[in-house]
Each structure stands twice: as structure tokens, then as C-alpha cells.
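First comes the structure, then the notes that go with it.
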Amino acid sequence: MSQEQWTAVDSYTGKLLIPQDTILERASRASREAGLPDVEVSPHQGKLLHLLARVHGARTVLEIGTFSGYSTIWLARALPADGKLITIESGILFAKAAAAHIEEAGLAHLVDQRVGKALDVLPQLAAEGAGPFDLCFIDADKPGMPEYFRWALALSRPGSVIVVDNVVLGGSLVDSAGTDPAVDGARALHDMLAAEPRVSATTVQTVGAKGYDGFTLAVVGE
């Protein structure tokens, strides 16, 4: 198996299962043309988030890591007319690009964009009484994953779903000789989950157009 084959399979299944969407395609293309890193989720991953939100009947969503707004659009489209999505982004260029894409998608009335470091914004949300959120999606800097998860848990309720992206990191998760802070963050997240009685979680490895990685899915209990 190779990256070329994984990408080809994504292309084949995507053409069948994910209809062309000019707004999402434009958001992805505009970010690349603006010189922003290609770090948003793939179309298949975006639709998975959308379906998870729909299956769960989510009305409120917290997203940590807006990037270009690509995943934000997928998630916001799953919300009812009176739903609300709060998304946090520390990068000014990312936030500006995302705001334009979200507006073009006609979703600005559902999306509350917060610009700043997540560990500064999350306490502000708690102080405002935001939440509890039905679904939280964490896709930000990897060393911060454990702290982001702690805050997502604090802003959740029994039955809330928390999704964390990029937790396998090309298999580096089990590289005992590695010194990458991102890997340290992913390991710390798993150690925390193993010791946290309030959540039931699993990690799923993935391959596709974005390479070899994985995500963690957690459900908050009583």
C-alpha cells in the first residue's frame, strides 16, 4: 500500500459519496492560494464529522482549531436552524480566511468565531457560561491536545462526544525513540484517557489523501 493508492481510493469513493461542493472546494483552494498550510481535514473526514454531528443530534458544537473554516462548514451544516458553533483560532490569517468562507457558505449566523490562543479563550467561554456542548472537535497544535481535551470535557455533559484529530501521526505514536512534542502530546492524551473514568474512548487509525494518521473518539459518561 502506498500514499498514491490511498489517495486514489479517496478520489474514487469521494466521487461516489461526496457530491461536488463549490463552496468547500473554493475554501480549500483559496487557502492554498493564499499560502496557508494544507492542514484542514480531508473531504471524507469532513463528512465524517458532519455525520457524527447529525447522528448525535448535536445542537451546540465547540471546535478548537478553525484553520480555513473547512471543518467548521461541515459541522455547521449539520446543525439545526437554532444551533450554535463556537470555533477558536489563534492564527489571524487563518481566522480571516475562515470568516470569509463561513460567510460565503451562509453560515455566519450559526458560527461564533473566537480569535486567540485556545487556552486563553476556553476559560473565557467557561466564565461566560458557554456550553455544555454536544460535540467538541479538537484539531489544533498537537502538544496542547491534553489540555484542550480537559477543557472540552469541562465544557461537556453526559453524552457529549469529543473528537480529537491527528493522534497517530504516521505511526510515531509508538516510536519510543522520538522526541517530537506533537507525539508527546498524543501520548499524554492517551495516558489521560486511560486514567479518566468519565469518558469511554477509542482511537482509530486512518489512511487516505492526508496520509497515515488517526483520530480519537470519546463519549462523556455520568
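Restricting the count to DSSP beta bridges whose residues both fall in the chain, what percent are antiparallel, rounded to a multiple of 5?
In the chain, DSSP labels about 45 percent of beta bridges as antiparallel.
Here is the link list: K47/K210; K47/K117; K47/K142; K15/K84; K96/K142. Which ones come out longer than 19 Å on Cα distance?
Those over the limit are K47/K117; K47/K142; K15/K84; K96/K142.
For the ranges 71-79, 201-209, 89-97, 175-183, what's the packing order if you count other beta-carbon atoms within 10 Å of each residue, average per peptide, and put the highest first?
The densest-packed peptide leads the list: 71-79, 89-97, 201-209, 175-183.
Show the residues, 5+ positions off or on another chain, whose built amide H is closer than 5 Å to the amide H of R77.
Answer set, sorted by chain and number: none.
As an exercise, use a Förster radius of 35 Å and the Cβ-Cβ distance of D184 and T22 to find the FRET efficiency, rounded to the nearest 0.05.
0.30
What share of Cα pairs, in percent, lie more than 30 angstrom apart in the chain?
When all Cα pairs of the chain are counted, 19 percent exceed 30 Å.
Give me, ordered by chain and number, the residues 5 or more places off V41 or on other chains with an amide H under 5 Å from its own placed amide H.
S71
Using Stokes-Einstein with the Kirkwood hydrodynamic radius over Cα pairs, what translational diffusion coefficient do you get for the range 32-85 at 4 °C and a viscosity of 1.567 mPa s, in µm²/s rounded to a whole number?
Calculated translational D: 111 µm²/s.
Please work out the ratio of the alpha-carbon Rg of the range 1-118 to 2.2 N^0.38 Å and round it to two decimals.
Normalised Cα radius of gyration, the range 1-118: 1.06.
Could you sort K84, K142, K117 by their accessible area in this structure, using a 1.4 Å probe and putting the largest first?
The ordering from most to least exposed comes out as K117, K84, K142.
Sequence-distant or interchain residues sharing an amide H contact under 5 Å with F137, placed H: which?
Result for F137 returns L62, E63, I64, V163.
Using θ = phi - 60° and the Karplus relation 6.51 cos²θ - 1.76 cosθ + 1.60, list the HN-Hα couplings for the range 16-25 in order, rounded to whole Hz, with x at every Gly or Pro.
Each residue of the range 16-25 in turn: 8, 10, 10, x, 4, 9, 5, 5, 5, 5 Hz.
So what J values fall out for the range 49-59 if you push phi through Karplus, 6.51 cos²θ - 1.76 cosθ + 1.60 with θ = phi - 60°, rounded to Hz, Gly and Pro as x?
4, 4, 5, 4, 5, 5, 4, 7, x, 5, 10
The values are calculated or read from the model by the stated rules, or taken from the named source; none is laboratory data. On a predicted model such as this, the values are computed, not experimentally measured, just so you know. So basically every Cβ, Gly included, is an ideal-geometry build from the backbone, and we count neighbours across all protein chains shown. Note: accessible area is taken over every heavy atom of the protein model, side chains too, but ligands, DNA and RNA are not part of it. Shrake-Rupley method; radii C 1.70, N 1.55, O 1.52, S 1.80 Å.
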